[in-house]
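Written below as structure tokens is the structure these notes are about.
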Amino acid sequence: MDAQGRGQAGDDNVDPADQWVFDPNTGNYELRLDPTGQGPARPADRKAPGRRSARNPGAGGGDTDTRPLPVQRGRLKDGAGEPAAGGRAARRAAERAGSAAAGGAAAAGGAAAGRRRPKPKKSGKRKFVYWTAGVVGFVLVAGCGTAFVIYQQLDGNIKKVDVGEENSAVTDGPVNLLVIGTDARTGKGDAGYGDSGSVGHADTTILMHVSKDRTNATALSIPRDLITDIPDCPTKQPDGSTKVIPGQQHVRFNTSLGQEGRDPGCTWRTVEKLTGVKVNHFMMADFNAVKDLSNAVDGVEVCAGKDIDDPKSHLKLTAGRHVVKGEQALAFVRTRHAVGTGSDLSRIQLQQQFVGSLIRKLKSSAFGSPSKLLDVAQAATKALTVDTGIGSASKLMDFGNDLKKVDLNKITFATVPVLDNPQDKATVILDEAKADPLFKMVQQDHTLSKDAGKDKGGKKSAPVKKAPPELVRVDVTNGGGPFGAAQETVDWLQNNKGARLSTNAGNAPEKLSATRLEYAPNQADQAATLAEWMGLPKSALKQTTADAGARVPMKLVLGKDFTAPGSPIEAPTETPEGVQHVNADDKNICAK
């Protein structure tokens, strides 16, 4: 039901967007069903500004008629009882009316009473819209989208899937949102895309990690043709029963959805198994959202570094900048044969460019009006499927509001590192040497943004001298790692690193939760080399007081945090070398 249907159904001249007016006392937009100003300027007992306090606890989580919306300039002046008709003259008239209503208080302001009053501060609600635009972008690149400028009527648009996990919409820790785009053909104009005889695949998947302090976000694109393992997956059936879909090994990642009856929860579990990252929520939709959302924002600017003519996606662009929408926008994010290497990896980079541009457009001042945001919200939620933890308009609002602090220049896109599959050129395999440290960065809540978290000022410690591999002498024991970890580590040190003086000392006398390296002061150079190889944190290094003899080895005890040799225990503080990544605020990205 729209705003007109809630009290103004008979008035065809009322724009629903005009019924949402800014209340300076709460900092929110509120629904006014009487545009003539006959009623009170605002409800007498309305609390502000929190939505939680305004919600009826007995209403099953539904919102009240008061909805926070982004600041819209020129709609209603502070204290006025009706929305301005639009234009400069109307705004001035509203200001004069507000000044007259203020009485002596306005007079006390002297000449200021006749001046234009300051625009509402936009750091709160507008910043909320900016963040939601970011989520819209991530979802859109997967073939779907959402917006959190929620009207009550949007509740009916949202589809839910019970995946056996119902996490709270708001959490104190990091947030990991799984964004899934399916290639199912569900709408008009989709005949050229996807699989006509299938329920769809996980065609594009992004794991979006938002840091605990909400200062940065990382979006990992997972290639659809990645060979991986899909775990057993419990799925809810129409009759309420649960059916476990058997897992598969060494199959394409995109078969984690749709195939064999798998639902988004199966993709959820596959991503957790692949990355070691605990997922909180998922969002999924199809191709239609790309078209509808790009139309709703009047097009998205993209850049082609060369002429593009892709016979598969039917995209034709000359070199330079273009604004694309509708079918052309969908063709852009689906193109791969005419750019880069012609692979899915090249298509991912186009999608990242498109998303960044969409975020920047939605962040611009052109998108401050409720009418435009309503168009975006309608287009988005109609294509949206989510988990039950965020399966309502109010929960989505809470979710978006929790994540609103992230700035555009602190959002980084990255692609999971892969290698060509020697057994099948149409697929790829995980590049573990690069992927493992990248996954650890996400697991340990480290940012990929270049300037986030860097020390400002202060002295840097002098670099530690490192010993050559042939001088590294160490006894390795297993104190909590996987079975056979000590011998596996020794083999890796000798064969991969050239540390011929490493030996297997069996099991440690005690179990350790964390890996530990004991070394003497005169072995500091050896310890530095081994710590770099193993990815050991400083907390793992334990220096003794006395120097060691010439042939006395260091002692490396593998703890429960050890997974495999070559997989760093401590996450790197910078993006691993060779990992494709780009900042969402970068305007100089062009498809080549």
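FYI, it's all coordinate maths here, none of it is from the lab. Because the structure is a prediction, the values reported are computed rather than measured. Because the Cβ atoms are built from the backbone with ideal geometry, glycine has one as well, and the counts that use them run over all protein chains shown.
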Item to check | Table column - 3J(HN,Hα) (Hz), region 302-315, Karplus curve with 6.51, -1.76, 1.60, x for Gly and Pro | outcome: 10, 10, 10, x, 7, 5, 10, 9, 9, x, 7, 8, 6, 8
Next on the checklist: Checking the table LYS372/LYS405; LYS382/LYS592; LYS450/LYS587; LYS160/LYS587 against a 26 Å threshold on Cα-Cα, which pairs fail?
Outcome noted: LYS382/LYS592; LYS160/LYS587
Item to check | Volume of the Cα convex hull of region 223-285, divided per residue and given in Å³ | outcome: 93
Next on the checklist: Give me, ordered by chain and number, the residues 5 or more places off LYS592 or on other chains with an amide H under 5 Å from its own placed amide H.
Outcome noted: GLY305, GLY340
Checklist entry - Could you give the Stokes-Einstein D for region 469-558 in µm² per second, using the C-alpha Kirkwood radius, 20 °C, 1.002 mPa s? => result 166
Checklist outcome for this item: Restricting to Cα pairs under 8 Å and 6 or more apart, the percent relative contact order of region 469-558 works out to 41
Checklist entry - How many nm separate the modelled label positions at LYS306 and GLU165, each set 7 Å beyond the Cα in the direction of the Cβ? => result 4.1
Checklist entry - What is the set of long-range amide H partners of CYS233 at a cut-off below 5 Å, with H atoms built 1.01 Å from backbone N? => result ILE245, GLY247
Item to check | Virtual spin-label span in nm between ASP420 and ASP298, 7 Å along Cα→Cβ | outcome: 4.7
Checklist entry - What does the charge dipole of region 469-558 about its Cα centre add up to, to the nearest 20 debye, if the Cβ of each Lys and Arg holds +1 and the Cβ of each Asp and Glu holds -1? => result 100
Next on the checklist: Quick check: residue separation of VAL244 and ASP229 times 0.36 nm, minus the Cα distance between them. What number comes out in nm?
Outcome noted: 3.8 nm
Checklist outcome for this item: Env charge @ THR388, Cβ radius under 12 Å, K,R +1 / D,E -1, value 0
Item to check | In order through region 206-211: 3J(HN,Hα) via Karplus (6.51 cos²θ - 1.76 cosθ + 1.60), integer Hz, x for Gly, Pro | outcome: 10, 9, 9, 9, 10, 5
Next on the checklist: At 0.36 nm per residue, and after removing the present C-alpha to C-alpha distance, how many nm does the segment from LYS592 to GLU577 gain when stretched out fully?
Outcome noted: 3.2 nm
Next on the checklist: Just want the answer: with Cβ charges of +1 for Lys and Arg and -1 for Asp and Glu, which residue in GLY480, PRO537, TRP492 is farthest toward the dipole's positive end in region 447-576?
Outcome noted: PRO537
Item to check | Karplus-derived HN-Hα couplings along region 274-288 (A = 6.51, B = -1.76, C = 1.60, θ = phi - 60°), whole Hz, x at Gly and Pro | outcome: 5, 9, x, 9, 7, 7, 9, 8, 10, 9, 9, 7, 10, 4, 4
Item to check | Other-chain or far-sequence residues with amide H under 5 Å of THR427's (modelled H) | outcome: ASN421
